[in-house]
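A.B. asks: One structure follows; several queries about it will come next.
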Amino acid sequence: MLWVVKLALLVYVGFGALLYVAQRGLMYLPVAENLADDVPHERIAVDGAILKVWVVDPGNEHAVIYFGGNAQDVYANADEFRALLPQTTVYLVNYRGYGGSTGEPGEQAFYKDALHIHDAVRPRHEGVDVIGRSLGSAVATWLAAERGIDRLVLVTPFDSLAGIAEEAFPLYPAGLLLRERYASAERAPRIDAQTLILVAGDDRIVPAASSRRLVEAFAPGSARVATIAGAGHNSLSEKDEYYRQLSDFLAR
């Protein structure tokens, strides 16, 4: 009987060690550079890295900065935003290590890059809105808490990586194992921007409880929530309702 206990302990510790070592590989899934030339881009230097940012419809009075998911080629959003927001300049950010941007992905680096990009483009426009999807929702939340943006959209967002990990691996102390936390709920009370939270009704990646905890962290009445029925975490943008919500909220 003792050997069974030892084996179970060994498996438990081994799997926990694997989760600790492999967490960055699970968190960041960089995409290769897209060499398309139908959308202009600019390269912004931040602390030793050069970030490639697609610029959809440059020169408009208002702007949107978009932070995508952990495996997303943000160039793929260019056409939809051009059609959805024809009088808005949209900046599609390639994170460090993604899509032609140099450097290594990382939470603190993403936050610093977000502030730098905002501060670089803000003087060009009368107002700036921010959209963050999945992992990008945490980056967008950070930016909204640090800067006075106009409007904020969080797509399939979560309260924190620890909150997700605790539900996925309830036997492990997620708070101790995670080196990067993306704790959006901690920053939500400091956000003054009008906020729209879009939740996928059939999200199998971000638990509903995680999104709910984030919503509850905002000041009462400051965040509006819309659940897109029948949508999954990655298929949300295939639904007409997703675009209707974005258009209604961001239209100038």
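A.B. asks: At 1.4 Å probe size, what's the solvent-accessible area of Lys112? Round to the nearest 10 Å².
C.D. replies: Accessible area, nearest 10 Å²: 110 Å².
A.B. asks: Residues with beta-carbon under 15 Å from that of Ser237, excluding Ser237: net charge, scoring Lys, Arg +1 and Asp, Glu -1?
C.D. replies: -4
The values are calculated or read from the model by the stated rules, or taken from the named source; none is laboratory data. What you see is a predicted model, and the numbers here were worked out from it, not measured in a lab. Don't worry about glycine lacking a Cβ; one is built from the backbone with ideal geometry, like all the others, and counts go over all protein chains shown. Accessible surface is based on the protein model in full, side chains and every heavy atom, while ligands, DNA and RNA are left aside. Shrake-Rupley method; radii C 1.70, N 1.55, O 1.52, S 1.80 Å.
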